[in-house]
Amino acid sequence: MKKVVLLCLLAGSTFTCIAQKEIPLYPGTIPNAVAAPDAETRRTDGVVGLLAGNVSRPTLTVFLPPAGKSNGTAVIICPGGGYGTLLINREGNDVARAFNKQGVTAFVLKYRLPDKQFLVNPAIGPLQDAQQAISLVRQRAATWKVSPERIG
C-alpha cells in the first residue's frame with residue numbers, strides 16, 4: 001500500500017511541475033467587441049486534439065517552466081486554424097510544453113477570430129489580442145519571472 005501511495009505522489013508531482021493557468025486577456029471591457037452571448041465551441045479531433053471556435057472572450061494560458069529551469073525568456077503562441085478555428089493542443093499547448101522544456105515561459109493566446117457576430121471590426125480583432133498579450137506579459141513580467149525585453 002505504501003508503494004502505491006508513493007507512486008501516486010511521484011506521478012502527481014511530475015504532472016504539476018509545469019503550471020498552467022488561463023486568465024482573461026482584458027481586465028474589463030473587451031475593445032472592439034459586439035455585445036453577444038459567449039458562443040465559444042470546443043471539440044476534440046482525433047488527429048489535432050482540442051479545437052476552439054467562435055472565440056469572443058480571449059484568454060492567455062500561462063505555462064511556467066519547471067522550478068529552477070526558467071531562463072527569463074517568454075514566448076506568446078498564437079495557435080493556427082485558418083481564422084476559422086484554433087488548434088489549441090497541437091499548435092498551442094503542445095508547443096508551450098516544448099518551450100518549457102527549454103526553460104522558456106510560454107503563453108498560449110486564445111484570440112478572437114474575425115467574425116462580425118463578435119467584432120465591430122473583424123479585420124483588427126486578432127491583432128488587438130496579440131498586442132494586448134504582449135502588453136499583459138510585459139506588465140506582469142516580474143510575476144512570471146521573465147524579462148520584459150525577452151518576449152517574443
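Mind checking which residues of region 113-140 are assigned to a loop (DSSP other than H, G, I, E, B), touching a residue at least 60 places away in the same chain (Cβ under 8 Å) and touching a Phe, Trp or Tyr at 6+ places or on another chain (Cβ under 7 Å)?
Looking only at region 113-140, we keep the residues that are assigned to a loop (DSSP other than H, G, I, E, B), and these are 113-118, 120-124, 140.
Imposing the further condition that a residue be touching a residue at least 60 places away in the same chain (Cβ under 8 Å) reduces the set to 113, 115-118, 120-121, 124.
L113 - this is the single residue of region 113-140 that is assigned to a loop (DSSP other than H, G, I, E, B), touching a residue at least 60 places away in the same chain (Cβ under 8 Å) and touching a Phe, Trp or Tyr at 6+ places or on another chain (Cβ under 7 Å).
From the set of residues in region 28-72 that are of a type outside the set (A, V, I, L, M), under 23 Å from E149 (Cα atoms) and over 13 Å from the mean Cα position of the chain (by Cα), which is surrounded by the most Cβ atoms within 10 Å (Cβ to Cβ)? Per the stated criteria, the residue is P65. Sub-9 Å Cβ pairs linking a first residue in region 85-109 that is in contact (Cβ under 8 Å) with a residue 60 or more places away in the chain to a second residue that is of a type in the set (D, E), at least 6 apart or interchain, are L109/D129, ordered by first then second residue.
For the subset of region 125-145 comprising residues that are under 11 Å from I76 (Cβ atoms) and either modelled with pLDDT under 95 or touching a strand residue (DSSP E or B) at 6+ places or on another chain (Cβ under 8 Å) (or both), which member is most open to solvent (accessible area, probe 1.4 Å)? Out of the qualifying residues, it is R138. When V95 is tested against (1) open to solvent by 40 Å² or more (accessible area, probe 1.4 Å); (2) part of a loop (DSSP other than H, G, I, E, B), just one condition goes unmet, and that condition is (2). Scanning region 21-46 for residues that are touching a residue at least 12 places away in the same chain (Cβ under 8 Å) and among the aliphatic types (A, V, I, L, M) returns I23, L25, I30, A33, V34, A36, A39.
The values are calculated or read from the model by the stated rules, or taken from the named source; none is laboratory data. Nothing here was measured: the structure is a model prediction, and the numbers come from that model. Cβ sites come from the backbone with ideal geometry, for glycine too, and all protein chains shown count toward neighbours. Remember, those area values only see protein heavy atoms, side chains included, never the ligands or the DNA or RNA. Shrake-Rupley method; radii C 1.70, N 1.55, O 1.52, S 1.80 Å.
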